[in-house]
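Here the structure is laid out as structure tokens; the discussion comes afterwards.
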Amino acid sequence: MDKPFSQACENNKGPILERLSGWFDSTQHVLEVGSGTGQHAVHFAAAMPQLQWQCSDQHFNLPGINAWRTEARLSNLPAPIALDVTREWPAQRFDGIYTANTCHIMSWAMVEALFRGIDQTLQRPGTLVIYGPFNYGGQFTSESNARFDAHLRQTHPQQGIRDIEAVNDLAQSIGLTLADDVAMPANNRLLRWCR
């Protein structure tokens, strides 16, 4: 099959890797929640051969991820697994969890389910990294984010850019401490929590 392609992934994979390579330097097993096209996974696994990068997504996205994975032929990028955050999570435990551009396309109930799954799956010590747009104090950080949020809510009323304070409350409730909040290109943030 033709590989799926996201220009946004292509644009942001370099800046994200600059941070991840330090944050995951002693990590062995990372679970990526919502791997999408698979572009991030291939880029990160190739650059960080010391860790196993486990892709996951809803079942309909797995063939596209596999197309990228098959072409890359990386020994540290196993076959992707099906994961619906509201259902059963993998039994395996991971010392790193990464997710990009997921919180704003989930309903708030799904974001809460995401953190319940993270609580079950992330080891102690462990690192959680989330990439995407966030609001601060209920305010958008840019006009483009405000327009994006309006578009999301018009199409799917349960979606929308989340407040960092509400997301951090969920993280704190499962024993995570916010360690880094980094401004990224295109009005996104890269957030790191540790437990």
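Each reported figure results from applying straightforward, stated rules to the coordinates on display, with no laboratory input. This one's a predicted model, so the numbers in the text were calculated from it and none came from an experiment. All Cβ positions, glycine included, derive from the backbone under ideal geometry; neighbour counts span all protein chains shown.
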Give me log10 I(q)/I(0) at q = 0.10, 0.17 Å⁻¹ for segment 100-189, Debye formula, one equal scatterer per alpha-carbon, no solvent.
-0.25, -0.73
Rounded to two decimals, the Debye log10 I(q)/I(0) of segment 1-69 (Cα scatterers, no solvent) at q = 0.29 Å⁻¹ is -1.38
I'd like the distance between the alpha-carbon centres of segment 152-195 and segment 17-77, rounded to an integer number of Å.
21 Å
Which value, in Å to one decimal place, does the Kirkwood hydrodynamic radius take for the chain when every pair of different Cα atoms is included?
16.9 Å
Estimated distance in nm for a label pair at residue 166 and residue 119, the labels positioned 7 Å out from Cα along Cα-to-Cβ
1.8 nm
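Quote to one decimal, in nm, the extra length available between residue 107 and residue 180 on full extension: 0.36 nm per residue of separation minus the C-alpha distance between them.
Working: separation 73, 0.36 × 73 = 26.28 nm, distance 2.47 nm.
Value of the extension gain: 23.8 nm.
Based on the Cβ-Cβ distance from residue 151 to residue 91, what FRET efficiency comes out when R0 is 30 Å, to the nearest 0.05? Walk me through the numbers on the way to the answer.
On the way: r = 38 Å, r/R0 = 1.26.
For R0 = 30 Å, the calculated efficiency reads 0.20.
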Need one number: nm distance between label points at residue 143 and residue 7, each 7 Å from Cα along Cα→Cβ, rounded to one decimal.
2.0 nm
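With a sphere of radius 9 Å drawn around the Cβ of residue 159, what net charge do the other residues whose Cβ falls strictly inside it have (Lys, Arg +1; Asp, Glu -1)?
It works out to a net charge of 0.
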